[in-house]
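Report on one structure; see the data block that follows.
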Amino acid sequence: MKPCRVSWCTEPASGWGRHCDRHKAHDRRHGHPEQIAITKTMLAPYEKLVEGVKARNAASPAWVQLGAIWAEVVAEAKAEVDQFRRGGAMNKVSVMASKEIVRIGEEAEPWEVVRAALATAWMEADQPRLFRSDDAFRVQLCRRVRALVERNAGIWYDASGKRRRHYKELPRQVAVLIGHRLAVAFGPSGVALWRKEADKAEERKMRQARLTEALEELK
Ligand SMILES: [Zn+2]
């Protein structure tokens, strides 16, 4: 019996696979057998940073442009779904991704989608080790954006009485593709926001170093 590929896992690999059942399921849900779920709480500080930049630059055309990018992602998805409905033979994964994007476009506040995507890209630039692979990043990005339209999903209580929400899983490939489209649309802007903030922190540090030096020179 082969052990699960996850080094600390004591379960046997299932079937011909490389991972145990639990890690296989985790890979399907999270994009990597060992990817931690990026929660709303974990993303919150980055969403706050994005809001901060927006508040300080309320008149910037960037926000309208980002909104337009999202509208374009939705419009492209809608065009694909329409073409599929007219009987076009198409890639099933891509159509499923487009249907989900159309649904998100209809149900979510556009700015909340943009903000979640920017914040996740910012988080990845800031803490790259939180994400185990490109797929894992894309799936987490997809999950954070999809969570915006899961609010009305069924609520249930687990054995310990903890409140849980039904979260309809998408096939892994579909989640990866949605995350990919979001990353193409918003990744560069999220990274640019992170870099700007990192530069400012670096500048503050240098200013402090120069001041410390000047103070040391005082007679
Ligand atoms: Zn395992």
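What pairs come up if the first residue lies in segment 73-88 and is of a type in the set (Phe, Trp, Tyr), the second is surrounded by 18 or more Cβ atoms within 10 Å (Cβ to Cβ), and their beta carbons are under 6 Å apart, counting only those six or more places apart or on different chains?
Phe84/Val95
Any idea which residue in segment 1-28 is farthest from the ligand (Cβ to nearest atom), counting only those that are open to solvent by 100 Å² or more (accessible area, probe 1.4 Å) and not in a loop (DSSP other than H, G, I, E, B)?
Checked segment 1-28; the qualifying residue farthest from the ligand (Cβ to nearest atom) is Arg28.
Is it the case that Ala89 is under 19 Å from Val174 (Cα atoms) and in the same structural domain as Val184 (by TED's automatic domain parsing)?
Criteria met by Ala89.
Quick one: which of Trp111, Trp122 is within 10 Å of the chain's Cα centre (by Cα) and of a type in the set (Phe, Trp, Tyr)?
Trp122
The values are calculated or read from the model by the stated rules, or taken from the named source; none is laboratory data. Please read these numbers as outputs of a predicted model, since none were measured by experiment. Glycine also receives a Cβ, built like all others from the backbone with ideal geometry; neighbour counts cover every protein chain displayed. The accessibility values were calculated without ligands, DNA or RNA, using every heavy atom of the protein model including side chains. Shrake-Rupley method; radii C 1.70, N 1.55, O 1.52, S 1.80 Å.
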